[in-house]
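Comments concern the structure below.
The values are calculated or read from the model by the stated rules, or taken from the named source; none is laboratory data. Keep in mind the model is a prediction, meaning the values are calculated, not measured. In this analysis, Cβ positions are derived from the backbone assuming ideal geometry, glycine residues included, and neighbour counts consider all displayed protein chains. Calculation scope for accessible area: heavy atoms of the full protein, side chains included, ligands and nucleic acids excluded. Shrake-Rupley method; radii C 1.70, N 1.55, O 1.52, S 1.80 Å.
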Amino acid sequence: MSIGWVEREFDRRASTYDQSSFHVSLAEAAARFAAPTVKDAVLDVATGTGLVLRSLQTLPAAHLTGIDVSSAMLDVARSSLPGARFLQASASRLPFGPGEFDVITCVSAMPYLDDPVEAVREWQRVLVRDGRIVISVFTPDGLTGPTLLRRAARQHGLMVDDPNESTSTVDAWREIAAKVGMRVVRTESWTLALPSATVESLLKPQYPFGVRNDLRDATSDDLALVRVSLGELIATTDTWEASVLLLELREDG
Ligand SMILES: C[S@@+](CC[C@H](N)C(=O)[O-])C[C@H]1O[C@@H](n2cnc3c(N)ncnc32)[C@H](O)[C@@H]1O
């Protein structure tokens, strides 16, 4: 995967990212679900502007660490949560020794990670023996802009893969966890109503890596057809909703 694209994309979004009430609410929900105690050392992987750590107000800031690849997102995190530690690092190469953390969180970031198994194995390395990993993933049950875009493209024989697909179910996480000697011990479903999106905002290229996206190479005639179908789908969709799964993983046995 192109880390360069991720850095550029989130450096660009850093100054406005916190205006997304969706990401703020999801980070709060994940922090509530993780519920670390005051004694826990917490690492938030792909912390962005630090929204998850900022939701853990009752914990001493000195117990809170966040890592991310985007320096601009980290700048916002540092100024929003002084006293916490924020480092620029990759989710699958952490600059920490074994057993440094009691709880590791990773929220709204799975689609960007190349290899979830490799990432979880690395998180497990820096976790204490009875530590916990808490993640959020998007499930296909929601009705979001990208869902409508995929439907509109399919109507014209074009495929747009869902980058969340391989990590979007409890079963997928049971398999991932088993590969690293962990298991899923707790889950919670979380939904949030979303504002509707526009045709142009949905056609902006997203996730230029890994996933198949026939729209990237589509002819202008095909794109025009998709635009019309997408407009019709948007106009006839009343309820937009994100569906999120929160999961807790622990060492097996
Ligand atoms: C949608 S934001 C989520 C930020 C934060 N977790 C939240 O809940 O608001 C995704 C974040 O993942 C970061 N990211 C993506 N791939 C990464 C990787 N391989 N290692 C570390 N950070 C990564 C991006 O820079 C971005 O800040």
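Distance between the C-alpha centers of region 135-154 and region 166-186? Whole Å please.
21
Against the globular-protein guess of 2.2 N^0.38 Å, express the Cα radius of gyration of region 74-169 as a ratio, rounded to two decimals.
1.38
Please give the charge dipole size of region 106-172, origin at the Cα centre, charges +1 on K and R Cβ atoms and -1 on D and E Cβ atoms. Round to the nearest 20 debye.
With Lys and Arg at +1 and Asp and Glu at -1, about 140 debye.
Estimate the FRET efficiency between residue 58 and residue 194 by the formula 1/(1 + (r/R0)^6), using the beta-carbon distance for r and 41 Å for R0, to the nearest 0.05.
On the way: r = 29 Å, r/R0 = 0.71.
Plugging the Cβ-Cβ distance into 1/(1 + (r/R0)^6) gives 0.90.
Restricting to bridges with both residues inside the chain, how much of the DSSP beta-bridge set is antiparallel, in percent to the nearest 5?
If we restrict to bridges inside the chain, about 55 percent are antiparallel.
How large is the dipole of the chain about the Cα centre if only Lys and Arg carry +1 and Asp and Glu carry -1, each at its Cβ, rounded to the nearest 20 debye?
For this selection, approximately 460 debye.
Enumerate the amide H contacts of residue 197 below 5 Å, restricted to partners 5 or more residues apart or on another chain; note that Pro and chain-start residues carry no placed amide H.
none
In square nanometres and to one decimal, what's the mean projected area of the convex hull around the Cα atoms of region 1-137?
About 7.3 nm², averaged over all directions.
For region 1-42, what does the convex hull of the Cα positions come to per residue, in cubic angstrom? Let's see the in-between values first.
Details: hull volume 5.1 nm³, N = 42.
Per-residue hull volume (Cα only) is 122 Å³.
Just how many % of Cα pairs in region 107-253 lie over 28 Å apart, if you round to the nearest whole percent?
Above the 28 Å cut-off, region 107-253 has 30 percent of its Cα pairs.
Dipole of the chain (Lys/Arg Cβ +1, Asp/Glu Cβ -1, origin at the Cα centre): which of 133, 94, 83 lies farthest to the positive side?
After comparing all options, I get 83.
Can you give the local net charge around residue 143? Use residues other than it whose beta-carbon is closer than 14 angstrom to its beta-carbon, Lys and Arg +1, Asp and Glu -1.
-2
In square nanometres and to one decimal, what's the mean projected area of the convex hull around the Cα atoms of region 66-124?
4.3
Using only Cα atoms, tell me the angle between helix 170-179 and the longest principal axis of the chain; keep it within 0 to 90° and round to the nearest 10.
So the inclination is approximately 50 degrees.
Can you give me the pair-distance distribution of the chain, C-alpha pairs, 10 Å bins, whole percents?
It works out to 7, 30, 36, 20, 7, 1, in whole percents.
Using unit Cβ charges (K, R positive; D, E negative) and no other charged atoms, how large, in debye to the nearest 20, is the dipole of region 89-145 about its Cα centre?
120
If ligands, DNA and RNA are left out, what is the accessible area of residue 132 with a 1.4 Å probe, given in Å² to the nearest 10?
Residue 132 exposes around 30 Å² with every protein chain in place.
Heavy atoms only, 1.4 Å probe, whole protein assembly: order 222, 40, 141 by accessible area, highest first. Display every interim value, and only then the final one.
On the way: 222 50, 40 25, 141 125 Å².
Ranked from most to least accessible, the order is 141, 222, 40.
As an exercise, identify the trypsin sites (Lys or Arg not before Pro) in region 144-253 lying in DSSP coil whose Cβ has no more than 14 other Cβ atoms within 10 Å. List each step's numbers first, then the result.
Values: sites: 150, 151, 154, 174, 179, 183, 186, 212, 216, 227, 250; in loops: 212.
Within region 144-253, the qualifying trypsin sites (Lys or Arg not before Pro) (loop, at most 14 other Cβ atoms within 10 Å) are 212.
Quick one: grab Rg to one decimal and Dmax as a whole number for region 166-253, Cα atoms only, in Å.
18.4, 57
May I ask you to rank 23, 63 by accessible area, largest first, using a 1.4 Å probe over the protein chains only?
Largest to smallest exposure gives the sequence 63, 23.
Write out the trypsin sites (Lys or Arg not before Pro) in region 31-107 meeting two conditions: DSSP loop, and at most 11 other Cβ atoms within 10 Å of their Cβ.
39
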